[in-house]
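The structure appears below as structure tokens.
The values are calculated or read from the model by the stated rules, or taken from the named source; none is laboratory data. Nothing here was measured: the structure is a model prediction, and the numbers come from that model. Cβ atoms come from the backbone with ideal geometry, glycine included; neighbour counts cover every protein chain shown. Side chains are part of the model used for accessible areas, which takes the heavy atoms of the whole protein and leaves out ligands, DNA and RNA. Shrake-Rupley method; radii C 1.70, N 1.55, O 1.52, S 1.80 Å.
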Amino acid sequence: FGIRTNQGLIYRGSEINDATFTAEGQRHKQNVDDIVLDKQAKILKIGVELDLRKESAVSPNNKAGISGLGADVDYTRLPFNSYADFVRDPDNGTPGTLKAAFDILANADQKVVYYHCWGGADRTGALSFFLNGLCGVSLTDLFIDFELTTQWNGYRSHKSKNGNYDFPGMLNAIKASEYYNEEGTIAEFCKAYLMGHGIEESTLEKIRTNMIPGYQTGMEEVEGEFGKWFFHNAL
């Protein structure tokens, strides 16, 4: 909505591990040390780690329900889809997955949230698209946010058609959604889509209230041309 969102409530990034391990043929590196824990205690103050990975890719400690940031941080794992698969099945085959994630995000004013998958790009990016879109972030900035993740661990193009990093495929899936309206705004679409997948309107409005200074219910109705899709020019 042209307003800077509140900072320090919700963070995104890559996986948080307190030990190096191997899973699914991938090396998951330790990335929590005393410096990270000191910043966590003094600055970040994360209260919930929301893990979007599937079980086979998490460490033994995570499987025991312990956050990489320490046992005093709530740990929740909700396996997500990415790109077009996320749009078509945001619950990843388990009803209530998306709702559980947004319920956690809605309480970020009580417990700061850090959400991630493995690299923080694909599944994390899909959730970020809808969270930011709900808060009225422009389509251009949503594009830029996704493209910035191509710099993760080496360049990857989101124009790829190989099914792994197909951002245009996600946009086409959105256009095919029953909640899509060419004349509507991104915020309107995201709200309708999320409510259509079982998330209460009060939950979404609480997220907006937490994240947008001075937010008033219904702002998306007066957003005007700033938030229109213009997908016909984007694809």
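List of remarks:
- Amide H contacts under 5 Å for TYR11, placed H, 5+ residues apart: VAL113, TYR114, TYR115
- DSSP-assigned coil residues among trypsin sites (Lys or Arg not before Pro) in the range 1-83, each with at most 12 further Cβ atoms within 10 Å: ARG4, LYS29, LYS45
- Under 12 Å from the Cα of LYS63 - aspartates and glutamates, other chains or at least 8 residues apart: ASP51, GLU55
- Simple point charges give the picture: +1 on the Cβ of Lys and Arg, -1 on the Cβ of Asp and Glu, and for the range 1-141 a dipole about the Cα centre of about 140 debye.
- For the chain, the longest site-free run once GluC sites (Glu not before Pro) in DSSP loop states with at most 11 other Cβ atoms within 10 Å are removed: 25-177
- Of the accessible area of the range 47-159, computed with a 1.4 Å probe over protein heavy atoms only, carbon and sulfur atoms account for 49 percent.
- Listed values for the range 19-30 are Karplus-derived 3J(HN,Hα) couplings in whole Hz (6.51 cos²θ - 1.76 cosθ + 1.60, θ = phi - 60°), namely 7, 7, 8, 10, 8, 6, x, 10, 8, 9, 8, 4, and x replaces Gly and Pro.
- For the chain: accessible area per residue (Å², 1.4 Å): 48 Å²
- Between amide H atoms placed 1.01 Å from N, distances below 5 Å from VAL73 occur with SER67, all of them 5 or more places distant or on a separate chain.
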